[in-house]
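Asks: If you scroll down you'll find the structure; I have some questions about it.
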Amino acid sequence: MTPRVVFPNRILPYLLLAPQLAITLVFFYLPAVQALYQSMLREDPFGLRSRFVWFANFRKVLADPAYLNALHVTVVFSVATAVVAMGVALLLAVMADKVVRSRGLYRTLLIWPYAVAPAIAGMLFLFMFNPSIGTLAVLLRKAGIAWDPLLNSTDAMVLVVTAAAWKQISYNFLFFVAGLQAIPKSLIEAAAIDGAREVKRFWTIVFPLLAPTTFFLLVINTTYAFFDTFGIIHAVTGGGPGKATETLVYKVYNDGFVNLILGESAAQSVILMIIVIALTAIQFRYVERKVHYG
Amino acid sequence: MKILGIAAGFATALTLCSSVSALAATQISWWHAMTGANAEVVEKIAGDFNASQSDYEVVPVFKGTYPETLNAGIAAFRAGQAPDIIQVFDVGTGVMMAAEGAIRPVAEVLEGAGLKFDKSQYLPGIVAYYSKPDGTMLSFPYNSSSPILYYNKDVFEKAGLDVNNPPRTWGEVFEAAKKIKTSGAAACGYTSTWLTWIHLENFAAWNNISYGTNENGLAGGDVELKINAPLYVDHFQAIADLAKDGTFKYGGRTSEAKQLFLAGECGILTESSGGLGDIVKSGMNYGIGQLPYDENGVGPQNTTPGGASLWVMAGKSDEQYKGVAAFFNYLSQTDVQQFLHEQSGYLPVTLAAYEATKGSDFYEKNPGRETPILQMMGKAPTENSKGVRLANLPQVRDIQNEEFEKMLAGQQTAQQALDAAVQRGNAAIKDAIGN
């Protein structure tokens with residue numbers, strides 16, 4: 001039984017909550033309600049003429065092949081980014097776990113990319129892989145690979161996935177290292193004495209025991225790829241070539257702020273809001289139960 | 001807390017100061033998108049104007065890129081905080097024009113202040129673009145540019161091409177590009193910035209063919225695109241064919257291709273005359289030619305202005321409008337225009353400023369600087385060559401770029417690309433004017 005703390009004052013707790021509530025109200029609920037209202041309007045950019053159209057914007061957005069394309073692009077991009085970011089991070093974590101000398105140094109260096117802002121990460125990759133001036137692009141061309149992210153959709157997708165995954169590797173790395181440390185050494189040593197080789201030990205002991213961490217990271221990485229990669233895409237491809245790297249979030253920006261179609265852009269952001277709510281619900285319901293932060 | 005208090009004190013003091021100066025002179029806010037050398041020109045012009053009289057004070061504020069400035073203006077208008085003057089890029093002209101209640105025509109502003117606006121003193125091509133169908137001038141042309149041809153003289157020499165005679169038609173450009181590529185003088189023959197602005201909007205005007213119905217949108221917003229006519233299709237198919245072996249190289253949707261030219265990778269470039277500064281700075285051995293025309297067309301006619309103009313927002317006081325009018329009047333003065341033209345590389349807006357520059361030895365010292373003016377002034381504009389105005393031109397350009405990229409990647413032919421651009425563009429225009 002934990003002792004219950006009782007506030008004798010009835011108003012004080014509300015007063016203490018007020019600043020946080022005010023911030024949430026002003027910076028989240030108010031814009032969200034406004035987006036909801038605007039998603040049912042059709043208006044010109046200056047708001048001189050506006051018409052209430054109920055769900056016409058939603059119907060239009062959902063029937064638009066470009067929107068379905070953006071959905072498809074988002075799924076491909078998110079899955080690829082999550083798989084690459086987690087795969088590489090796991091490999092690095094397993095390797096870093098083996099290093100005995102200057103282990104702290106390696107770990108510190110591997111965490112650094114997480115501090116880089118998405119737009120900066122995008123610019124870095126843009127320069128390295130720029131078909132005409134990029135160092136890595138020149139190497140690729142010398143290796144006989146026709147590298148052209150400006151026109152080739154696959155190359156463009158590879159480029160944004162690489163940039164997005166690179167930035168997320170550090171975060172995943174941290175969690176995998178923590179997860180690996182939580183695995184009892186005795187289990188691995190017992191397996192080694194029984195004659196299990198390293199690869200076998202990894203797949204039968206380490207990987208299953210890491211499952212909760214992996215599942216947690218999967219959700220985090222998918223959310224990251226969905227919503228936090230705008231800066232990278234904006235800096236690297238701008239959604240092109242064609243619409244090959246236009247994700248849902250990028251399309252909201254492009255339709256709203258470049259093409260000035262405010263109603264449809266708002267409708268798209270409401271749909272995104274629903275997706276975020278769903279993803280968060282899933283995370284709280286399933287993930288929080290299974291992950292043990294040892 | 002203490003620091004906050006001090007900061008608040010400072011803020012109050014600043015507000016007091018500014019309100020004191022506001023008593024002395026009416027402040028005119030001017031939102032612009034100029035950077036680097038062009039931003040210095042803005043500051044200089046505003047400073048000189050403020051020093052020339054004591055009734056008004058023009059305050060220039062940098063608001064980011066062209067689209068960012070336009071968005072800031074729109075957001076400010078919706079919040080009731082619009083600036084007095086806002087610089088809007090050519091592509092945003094249709095957006096501003098459709099917002100009749102949000103803006104005040106420049107002609108009205110000038111007349112309201114008792115100043116006469118004499119159209120005949122301005123370059124005809126520019127005035128036509130920024131006027132309503134009935135001839136009322138809507139915005140004040142501030143910085144105008146026009147696409148021209150740049151070529152690398154060293155590459156031309158290596159390829160055995162005539163260094164002093166740049167190609168004049170598209171056919172000649174493509175032949176020269178092939179020669180550059182096959183002779184190994186450069187990795188690519190030809191590249192271009194802004195495919196939509198140069199190869200569609202200016203291609204239409206320069207070759208005197210229709211871009212869309214209703215005089216390309218200048219006579220009315222209900223426009224059907226005509227950019228899949230045979231002349232366009234043949235032109236783009238030729239580019240697509242050259243792209244296959246890298247004779248033509250794609251740089252990107254805006255001005256990225258300039259880098260390919262500056263790096264010596266491509267021998268020929270079509271780019272805005274406003275891009276001259278970077279090319280001069282690079283120190284390369286370059287030459288300038290007219291924008292090429294299609295030998296199967298009826299051109300060359302005249303090119304259309306790019307760049308930006310100054311719009312006056314609605315709902316301001318008479319005193320502020322008088323200040324704006326005084327500032328525009330100052331801007332049209334010959335020496336101010338001449339300064340703007342020679343410093344920034346943009347075109348002069350008045351004929352007098354052009355004559356004054358011609359009278360000095362500026363064009364002898366800076367060959368090529370006259371080319372964009374000659375292109376725009378060559379002939380009186382026809383209904384095909386006053387420019388393109390659509391309520392959603394940024395979106396239509398996006399659609400065109402997407403189809404071009406698919407075409408250059410070899411996924412579709414020029415005919416398919418332009419047909420799709422017309423069909424998608426028409427649907428988008430219908431949506432935009434149906435609000």
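All of the numbers you see were taken from the coordinates with simple rules; none came from a lab. Quick caveat: nothing in here was measured; it's all calculated off a predicted structure. All Cβ positions, glycine included, derive from the backbone under ideal geometry; neighbour counts span all protein chains shown.
Asks: Pairing the Cα long axis of helix B:393-408 with the longest principal axis of chain B, what angle in degrees results, from 0 to 90 and rounded to the nearest 10?
Replies: Tilt of helix B:393-408: around 20 degrees.
Asks: Can you compute the helix-only [θ] at 222 nm over the protein assembly as shown? Use -39500 (n - 2.57) per DSSP H run of at least 4 residues, normalise by all residues, nearest 500 deg cm²/dmol.
Replies: -17000 deg cm²/dmol
Asks: With every atom except the alpha carbons ignored, what do you get for Rg and Dmax of region A:1-147, in angstroms?
Replies: 25.8, 76
Asks: Enumerate the amide H contacts of B:Glu224 below 5 Å, restricted to partners 5 or more residues apart or on another chain; note that Pro and chain-start residues carry no placed amide H.
Replies: B:Thr213
Asks: Which lysines, if any, have their Cα less than 19 Å from the Cα of A:Lys243, not counting same-chain residues under 8 positions apart?
Replies: A:Lys60, A:Lys251, B:Lys406
Asks: Please give every one of the lysines within straight-line cross-link reach of B:Lys158, meaning a C-alpha to C-alpha distance under 30 Å, and leave out same-chain neighbours fewer than 8 residues apart.
Replies: Here the lysines satisfying the reach criterion relative to B:Lys158 are A:Lys142, B:Lys178, B:Lys179, B:Lys181, B:Lys244, B:Lys249, B:Lys258, B:Lys281, B:Lys365.
Asks: In percent, how large is the relative contact order of region A:86-213, given Cα pairs closer than 8 Å and 6 or more residues apart?
Replies: Values: 101 pairs, mean separation 39.4, N = 128.
Once normalised by length, the contact order is 31 percent.
Asks: Follow-up. Which Rg and Dmax, in Å, describe the Cα atoms of region B:215-371?
Replies: Cα only, region B:215-371: 20.1, 62 Å (Rg, Dmax).
Asks: A further question follows. Restricting things to Cα coordinates, could you compute the convex hull volume per residue of the protein assembly as shown in Å³?
Replies: Working: hull volume 162.8 nm³, N = 729.
Hull volume over Cα atoms, normalised by residue count, gives 223 Å³.
Asks: Could you list A:Trp166, A:Trp54, B:Trp31 in order of exposure, starting from the residue whose Cβ has the fewest other Cβ atoms within 10 Å? Write down the numbers at each step before the final one.
Replies: On the way: A:Trp166 19, A:Trp54 9, B:Trp31 25.
Least crowded to most crowded, the residues run A:Trp54, A:Trp166, B:Trp31.
Asks: In addition: Quick check for me: using +1 on Lys/Arg Cβ and -1 on Asp/Glu Cβ, what's the dipole size of region B:345-406 about its Cα centre, in debye to the nearest 20? Numbers along the way, then the final one.
Replies: On the way: 8 positive and 9 negative charges, 33 e Å.
Roughly 160 debye, rounded to the nearest 20.
Asks: Continuing with this model, one more query. Could you check the simple spin-label distance between B:Asp318 and A:Leu105, using points 7 Å along Cα→Cβ, in nm with one decimal?
Replies: Rounded to a tenth, the inter-label distance reads 7.9 nm.
Asks: If the elastic network links every pair of Cα atoms under 10 Å, which of A:Thr154, A:Thr24, A:Thr213 fluctuates the most in the Gaussian network model of chain A?
Replies: The residue that fluctuates most here is A:Thr24.
Asks: Something else: Would you please put B:56-66, A:106-116 in order of how densely packed they are, using the mean number of other Cβ atoms within 10 angstrom per residue and starting with the highest? Spell out each step's value before the answer.
Replies: On the way: B:56-66: 17.4, A:106-116: 13.6.
So the peptides B:56-66, A:106-116, ranked by packing, come out B:56-66, A:106-116.
Asks: Relative contact order, percent, of chain A when contacts are C-alpha pairs under 8 Å separated by at least 6 residues? It would help to have the intermediate numbers written out before the result.
Replies: Values: 324 pairs, mean separation 83.0, N = 294.
Over chain A, the number comes to 28 percent.
Asks: If you don't mind, another one. What lysines does B:Lys119 reach when the alpha-carbon gap must be under 20 Å and sequence neighbours fewer than 8 apart in one chain are set aside?
Replies: B:Lys132, B:Lys322, B:Lys379, B:Lys386
Asks: Sticking with this one: Send over the Kirkwood Rh of region A:54-290, from the inverse of the averaged 1/r over different Cα pairs, rounded to one decimal Å. Write down the numbers at each step before the final one.
Replies: Details: mean 1/r = 0.0504 Å⁻¹.
With all distinct Cα pairs of region A:54-290 included, I get 19.8 Å.
Asks: Sort B:Trp170, B:Trp311, A:Trp203, B:Trp206 so the one with the fewest other Cβ atoms within 10 Å of its own Cβ comes first. Numbers along the way, then the final one.
Replies: On the way: B:Trp170 24, B:Trp311 30, A:Trp203 11, B:Trp206 27.
With the sparsest Cβ surroundings first, the list reads A:Trp203, B:Trp170, B:Trp206, B:Trp311.
Asks: Using only Cα atoms, tell me the angle between helix B:230-244 and the longest principal axis of chain B; keep it within 0 to 90° and round to the nearest 10.
Replies: With both axes taken from Cα atoms, the answer is about 70 degrees.
Asks: What does the structure give for A:149-159 when I average, per residue, the other chain Cβ atoms found within 10 Å of the residue Cβ?
Replies: On the way: counts 0, 10, 11, 3, 4, 0, 1, 1, 0, 0, 0.
Average neighbour count from other chains, rounded to a whole number: 3.
Asks: Taking K and R as +1 and D and E as -1, what net charge do the other residues with C-beta under 12 Å from the C-beta of B:Val163 add up to?
Replies: Within the 12 Å Cβ shell, the charges total -1.
Asks: Oh, and also: Considering chain A as a Gaussian network with a 10 Å cut-off on Cα pairs, which listed residue, A:Gln181, A:Gln20, A:Gln283, attains the greatest mean-square fluctuation?
Replies: A:Gln20
Asks: Oh, and also: At R0 = 25 Å, how high is the FRET efficiency between B:Asp419 and B:Lys132 if r is their beta carbon distance? Nearest 0.05 is fine. Walk me through the numbers on the way to the answer.
Replies: Details: r = 32 Å, r/R0 = 1.29.
The calculated FRET efficiency here is 0.20.
Asks: Quick check: convex hull of the Cα atoms in region A:162-294, volume per residue, rounded to a whole Å³? Working shown, then result.
Replies: Working: hull volume 16.0 nm³, N = 133.
For region A:162-294, the hull spanned by Cα atoms encloses 120 Å³ per residue.
Asks: Now a separate question. Convert 20 °C to kelvin, take the viscosity as 1.002 mPa s, use the Kirkwood radius over C-alpha pairs of region B:85-160 as Rh, and evaluate the Stokes-Einstein diffusion coefficient in µm²/s, rounded to a whole number.
Replies: 143
Asks: Next question. Normalized C-alpha radius of gyration of chain B, against 2.2 N^0.38 Å? Write down the numbers at each step before the final one.
Replies: Working: Rg = 22.9 Å, N = 435, 2.2 N^0.38 = 22.1 Å.
Its radius of gyration relative to the 2.2 N^0.38 Å reference: 1.03.
Asks: While we're here: If you take every residue apart from B:Gly189 with its C-beta less than 13 Å away from the C-beta of B:Gly189, what net charge results, scoring Lys and Arg +1 and Asp and Glu -1?
Replies: Numbers: positive: B:Lys158, B:Lys178, B:Lys179, B:Lys181, B:Lys244, B:Lys249; negative: B:Glu172, B:Glu175, B:Asp241, B:Asp245, B:Glu265.
Overall, the nearby charge balance is +1.
Asks: So, one more: Using θ = phi - 60° and the Karplus relation 6.51 cos²θ - 1.76 cosθ + 1.60, list the HN-Hα couplings for region A:256-268 in order, rounded to whole Hz, with x at every Gly or Pro.
Replies: Once rounded to whole Hz, the list reads x, 9, 9, 8, 6, 9, 5, x, 5, 5, 5, 4, 5.
Asks: Okay, next question. So how much slack lies between B:Ala263 and B:Glu43, counting 0.36 nm per residue of separation and subtracting their Cα-Cα distance, in nm?
Replies: 76.0 nm
Asks: Hey, what angle do you get for helix B:66-78 against the long axis of chain B, alpha-carbon based, 0 to 90 degrees rounded to 10?
Replies: Approximately 40 degrees, to the nearest 10.
Asks: Which residue fluctuates most in the GNM of chain B (Cα springs below 10 Å): B:Asn302, B:Asn384, B:Asn366?
Replies: Fluctuation is largest for B:Asn366.
Asks: Shielding of A:38-51 by partners, i.e. mean partner chain Cβ atoms within 10 Å per residue? Please report the intermediate quantities before stating the final value.
Replies: Details: counts 0, 0, 0, 1, 3, 2, 10, 17, 15, 6, 8, 4, 1, 1.
Going residue by residue through A:38-51 and averaging, the value is 5.
Asks: State, as an integer percentage, the relative contact order of chain B based on alpha-carbon contacts under 8 Å between residues 6 or more apart. The partial results should precede the final answer.
Replies: Numbers: 764 pairs, mean separation 106.8, N = 435.
Averaging sequence separation for qualifying contacts and normalising by length gives 25 percent for chain B.
Asks: State, to one decimal in nm, how far the label point of B:Asn165 lies from the label point of A:Lys142, with both points 7 Å from Cα in the Cβ direction.
Replies: A separation of 4.2 nm, rounded to one decimal place.
Asks: Ok, one more. Obtain the nm distance between the two label points defined at A:Arg285 and B:Asp245 by a simple spin-label model: each point lies 7 Å from its Cα along the Cα-to-C-beta direction.
Replies: A separation of 6.1 nm, rounded to one decimal place.
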